[in-house]
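Structure first, commentary second.
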Amino acid sequence: MLGFDYGSRLIGVAVGNRLAASARALATIGNGSGGPDWAPLDALVRDWTPDAFVVGLPLTLDGGEQAATRGARAFAAALQRRYGRPVFTADERYTSREASRRFADQRARGTARRKDAKALDALAAQIILEAWMAAPDIPDLPSAP
């Protein structure tokens, strides 16, 4: 499965395995007024053949929706139309903070450099996917025909 941290300029992408309940940051793709850069996303879907997608919803601290939430929902709907696979949404509050903390830890250990900060969105997508897979009530995916 692929997970996404939706942003108005960049979309972080992570790949996950439900059986292993693990995820890893994969890529960052461009997004803008014309929508996502579909070509690299098409390549990721072709290469990883995900059975589903998880899109983080940027909710307000009190759980309300905002303009960014509507953008993420529109992106989720576009994924479903384009690829015909199940799309789930996940609360992404605090994932950017956790991604920044993990990145700082990686820098302190010497496994990441300041120039790697562009991958922060992909790290946030990894955290979204990890949290979604760890939830006790995640839905079953339909069986392949």
*asked:* Tell me yes or no: at least one residue of region 72-85 is crowded, with 16+ Cβ neighbours inside 10 Å and not in a helix (DSSP H, G or I).
replied: yes
*asked:* For region 29-42, give me each residue that is surrounded by fewer than 19 Cβ atoms within 10 Å (Cβ to Cβ) and touching a Pro at 6+ places or on another chain (Cβ under 8 Å).
replied: GLY30
*Quick one: count up the residues across region 43-56 that are surrounded by 12 or more Cβ atoms within 10 Å (Cβ to Cβ) and without any contact (Cβ under 8 Å) to a residue 12 or more places away in the chain.*
1
*Name the one entry in ALA67, ALA76, ALA99, ALA90 that is small (Gly, Ala, Ser) and at pLDDT 95 or above.*
ALA76
_I'd like to check something: does region 36-48 contain any residue that is of a type in the set (Asp, Glu), modelled with pLDDT under 90 and farther than 15 Å from LEU10 by Cα?_
no
_Anything in region 127-145 that is at pLDDT 65 or above, farther than 15 Å from VAL15 by Cα and aliphatic (A, V, I, L, M)? List them, or say none._
ALA135, ILE138
*Any residue at all in region 64-71 that is outside any loop (DSSP other than H, G, I, E, B) and touching a strand residue (DSSP E or B) at 6+ places or on another chain (Cβ under 7 Å)?*
yes
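The values are calculated or read from the model by the stated rules, or taken from the named source; none is laboratory data. Note that the coordinates shown come from a computational prediction; the quantities given were computed from them, not determined experimentally. Don't worry about glycine lacking a Cβ; one is built from the backbone with ideal geometry, like all the others, and counts go over all protein chains shown.
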